[in-house]
Amino acid sequence: MLSFAARISARKKSIAAAGATLLAASGIAMAAVPAQAAPTSAKTIAQQMMPSDQFQCFSKIVTHESGWNPSATNSSSGAYGLVQALPGSKMASAGADWKSNPATQIKWGLNYMNDRYGSPCGAWNFWQQNSWY
């Protein structure tokens, strides 16, 4: 004789199978929906876009500037995003989704640091002397 718990479990499976059969017979498709992957963190994206020694410098700047918050806004200057671009709309040169996409902000910031300071570590050296870059 089956235990009470086993009978309940078997009953639930039977009801679920009957429900699936009825749905299929009525033309309603059932499909397993895969779990949505967690969004990739901005830090992970940045690590994939540059050598690790440059990432360390880039990370120090971003930590100071925005705390890795892609929607960080400086209330006095209006600087925006991970790298605190001023104005934030400058980042549109890296992509139309600059307001919401950390990868676009990272791409723009990396280009800015390379163009102006030679590298993220060059930018970090300047930041340490001036508390801005």
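The values are calculated or read from the model by the stated rules, or taken from the named source; none is laboratory data. Note that the structure is a prediction, hence the values are computed from the model and not measured. Note: ideal-geometry Cβ built from the backbone for every residue, glycine included; neighbour counts use all protein chains shown.
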**Residue list for the stretch 45-74, filter: touching a helix residue (DSSP H, G or I) at 6+ places or on another chain (Cβ under 8 Å) and either of a type in the set (Asp, Glu) or assigned to a loop (DSSP other than H, G, I, E, B) (or both)** = Met50, Asp53, Trp68, Pro70, Ala72
**Prompt:** Are any of the residues in the stretch 107-121 touching a strand residue (DSSP E or B) at 6+ places or on another chain (Cβ under 7 Å), assigned to a strand (DSSP E or B), aromatic (Phe, Trp, Tyr) and at pLDDT 95 or above?
**Reply:** no
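Give the residue, chosen from Lys99, Lys90, that is of a type in the set (D, E, K, R), surrounded by fewer than 20 Cβ atoms within 10 Å (Cβ to Cβ), in a loop (DSSP other than H, G, I, E, B) and at pLDDT 95 or above.
Details: Lys90 fails: in a loop (DSSP other than H, G, I, E, B).
Sole residue among the options that is of a type in the set (D, E, K, R), surrounded by fewer than 20 Cβ atoms within 10 Å (Cβ to Cβ), in a loop (DSSP other than H, G, I, E, B) and at pLDDT 95 or above: Lys99.
Just to be sure, is Ser77 at pLDDT 95 or above, touching a Lys or Arg at 6+ places or on another chain (Cβ under 9 Å) and outside any helix (DSSP H, G or I)? Walk me through how you get there before you give the answer.
Values: at pLDDT 95 or above: yes; touching a Lys or Arg at 6+ places or on another chain (Cβ under 9 Å): no; outside any helix (DSSP H, G or I): yes.
It is false that Ser77 is at pLDDT 95 or above, touching a Lys or Arg at 6+ places or on another chain (Cβ under 9 Å) and outside any helix (DSSP H, G or I).
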